[in-house]
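To start, the structure under review is shown below, and the notes come after it.
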Protein chains: 2
Amino acid sequence: MTVILKGKELAEKIRNNIADEISNLAVKPSITVIIVGEDPASRVYVKKKKEAAIQAGMTSEIKELKVSTTQEELEKLLDSINNNPDINAVLVQLPLPKHINSADIIQKISPLKDVDGFHPLNVGMLNSGLKPYAVPCTPAGVIRLLEEYNIDIESKHAVVVGRSNIVGKPISTLLLNKNATVTTCHSKTKNLVEITKNADILISAIGKPGFITAEHIKEGAVVIDVGINRTAEGKLTGDVDFINVQEKASYITPVPGGVGPMTIAMLLSNTLNLYKLQMENKK
Amino acid sequence: MTVILKGKELAEKIRNNIADEISNLAVKPSITVIIVGEDPASRVYVKKKKEAAIQAGMTSEIKELKVSTTQEELEKLLDSINNNPDINAVLVQLPLPKHINSADIIQKISPLKDVDGFHPLNVGMLNSGLKPYAVPCTPAGVIRLLEEYNIDIESKHAVVVGRSNIVGKPISTLLLNKNATVTTCHSKTKNLVEITKNADILISAIGKPGFITAEHIKEGAVVIDVGINRTAEGKLTGDVDFINVQEKASYITPVPGGVGPMTIAMLLSNTLNLYKLQMENKK
């Protein structure tokens, strides 16, 4: 029997726990979300993030900046947020307009408020086996979901398809930190099927609907679908051909309702953690 | 015909080029090497590093600290070095005595003077595909050696055995940045032979003499031996059973004379690079 990994249910549980904890706090955690430009998908995401934060009892603000915002203006805004003790967490919604250097912007965020965990200092802490201020939300959500279902990671062969800084690379790092043998594949990988067929745990984070088929899967594998793609009809779909892969997998995440909701839950969890660290530092 | 990758020769060429460049500089690059305690192997290493720096025309000092040195004393010394404009590069020889927290010490080094590239900020820059101030010396040396012999990395399946912060992890990162498909193996890996047998490029960095045998190798693989082990008779030997593996490999590094000399060459190269960056910043 294939087990469906119910990210939505777990995310709700986590969000309720966070809300409970926050209801007992005199000063509430605060997260600021910055968006530059009018990208409709990005606008939906930042609105969802703010709503989730408010629902958990946090305070949250969206800073909507014009697409013509300059590098300097955005960096100045981040400086003021970094120096504002009332804001515990900040994220800059990606992608940014092409005239802005994203890497420089990410490095401008104080690592202590870097709720996405994308600052190189946090990335390096994670890669060095140290505790970063925040772990990237989607990767953290994947691990949390595996743990919830008591899925062994140690000594398993995990194959991660995708190597973005946001998802693929930090998932590979987290799995390695949990003692998996980790293979990272990507667009330049040859013979992908030969590699994924050896995976005890297969994580797809490439953004191509139906790319991972039954042929890619070892019997009994754990399949985690991080893809969030929208079909021509506007339907959400993952990277995995769910119907056919499901028959071979031991565990599989659906899309929607799998990894997606975990990302938001981890964003709230990271915000609360950063808040606690900052409160601790004030003492 | 198996090609022996002559790290010693390449390292000499690199060191000569660096010496030539430095001979034309009015102010010489300067590297400080810190050693805590009396470990004989560490003492040999730091002496070698200083000698190589002097030979290249740099200035170099070894700070020999007593084994009883406290965390605070070592951190104070690093503060003074970080603030000393006459010192361009510093490294703390590892391992440190057990009473000292190595991770905290590494984070105390200014990333701009972190010639080993171990500071989390530099690690994170490398992992994020950005340009760190310095790339760890042994991993950088491995890549340089592959490049010297025009060995393709892109789309190759590279298997790295070992996941230390010093060698295994940064080699995996560098190979991924060069578009290899990368598998990282370690002590918890099961069925290691099944994995290494698929490697187009096999890198061993585990520190066990003769651990990698012909059985681990695919016909025609590139084999890089990062192990530096000393036998009971005091002879230097790698991780790889050289005689038998050589027959299957297309390229192979010897020990000694392979990766080892490249490490020192990259240390000098990193020192010169940090010097240049700091000179640039002063303008």
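Meeting the requirement of 3 or more residues that are surrounded by 13 or more Cβ atoms within 10 Å (Cβ to Cβ) and assigned by TED's automatic domain parsing to the domain that holds A:Pro254, no strands (runs of 3 or more DSSP E) wholly within the range A:1-92 can be named.
For the range B:97-117, residues that are part of a loop (DSSP other than H, G, I, E, B) and of a type in the set (A, V, I, L, M, F, W, C) total 4.
Test A:Ile224 against the stated conditions and say whether it is β-branched (Val, Ile, Thr), more than 14 Å from chain B (Cβ to nearest Cβ), closer than 23 Å to B:Cys185 by Cα and outside any loop (DSSP other than H, G, I, E, B). Criteria met by A:Ile224. Is it true that B:Glu21 is of a type outside the set (A, V, I, L, M) and in contact (Cβ under 8 Å) with a residue 60 or more places away in the chain? Against the criterion (of a type outside the set (A, V, I, L, M) and in contact (Cβ under 8 Å) with a residue 60 or more places away in the chain), B:Glu21 qualifies. Only residues that are buried (at least 23 other Cβ atoms within 10 Å of the Cβ), assigned to a loop (DSSP other than H, G, I, E, B) and touching an Asp or Glu at 6+ places or on another chain (Cβ under 8 Å) were counted across the range A:118-135, and they come to 1.
Scanning the range B:71-89 for any residue that is in contact with a His (Cβ under 9 Å, 6 or more places away or on another chain) and away from chain A (no Cβ under 14 Å) turns up at least one such residue. Listed by first and then second residue, the pairs linking a residue in the range A:207-231 that is in contact (Cβ under 8 Å) with a residue 60 or more places away in the chain to a residue that is surrounded by 14 or more Cβ atoms within 10 Å (Cβ to Cβ) and assigned to a loop (DSSP other than H, G, I, E, B), with Cβ atoms under 7 Å apart and 6 or more places separating them unless they lie on different chains, are A:Val222/A:Ile151; A:Val222/A:Asp200; A:Val222/A:Ala249; A:Val222/A:Ser250; A:Ile224/A:Thr253; A:Val226/A:Val167; A:Val226/A:Ala205. For the range B:228-259, a residue qualifies if it is in contact with a helix residue (DSSP H, G or I) (Cβ under 8 Å, 6 or more places away or on another chain) and surrounded by 24 or more Cβ atoms within 10 Å (Cβ to Cβ), and the qualifying residues are B:Val245, B:Ile252, B:Thr253, B:Gly258, B:Val259. Of the candidates B:Ser102, B:Ser110, the single residue that is at pLDDT 95 or above and within 11 Å of chain A (Cβ to nearest Cβ) is B:Ser102. Do we find a residue being in contact with a Pro (Cβ under 6 Å, 6 or more places away or on another chain) and not aromatic (Phe, Trp, Tyr) anywhere in the range B:15-25? Scanning the range B:15-25, I find no residue that is in contact with a Pro (Cβ under 6 Å, 6 or more places away or on another chain) and not aromatic (Phe, Trp, Tyr), so the answer is no. Of all residues in the range A:101-155, those being on the phi > 0 side of the Ramachandran plot and more than 16 Å from the chain's Cα centre (by Cα) number 3. Quick check on my filter: what residues within the range B:113-135 are in contact with a Ser or Thr (Cβ under 6 Å, 6 or more places away or on another chain) and away from every other protein chain (no Cβ under 13 Å)? If the condition is that a residue be in contact with a Ser or Thr (Cβ under 6 Å, 6 or more places away or on another chain) and away from every other protein chain (no Cβ under 13 Å), then B:Val115 is the only one that fits. Listed conditions (1) touching an Asp or Glu at 6+ places or on another chain (Cβ under 9 Å); (2) over 30 Å from A:Ile87 (Cβ atoms); (3) outside any loop (DSSP other than H, G, I, E, B) are all met by A:Gly207, apart from (3). The residues of the range B:141-168 that are touching a helix residue (DSSP H, G or I) at 6+ places or on another chain (Cβ under 7 Å) and free of Cβ contacts under 8 Å to residues at least 40 places away in the same chain, listed by number, are B:Ile143, B:Arg163.
The values are calculated or read from the model by the stated rules, or taken from the named source; none is laboratory data. This structure is a prediction, so every number in the text was calculated from the model and none was measured. Heads up, the Cβs are rebuilt from the backbone with ideal geometry, glycines too, and the neighbour counts pull from every protein chain shown.
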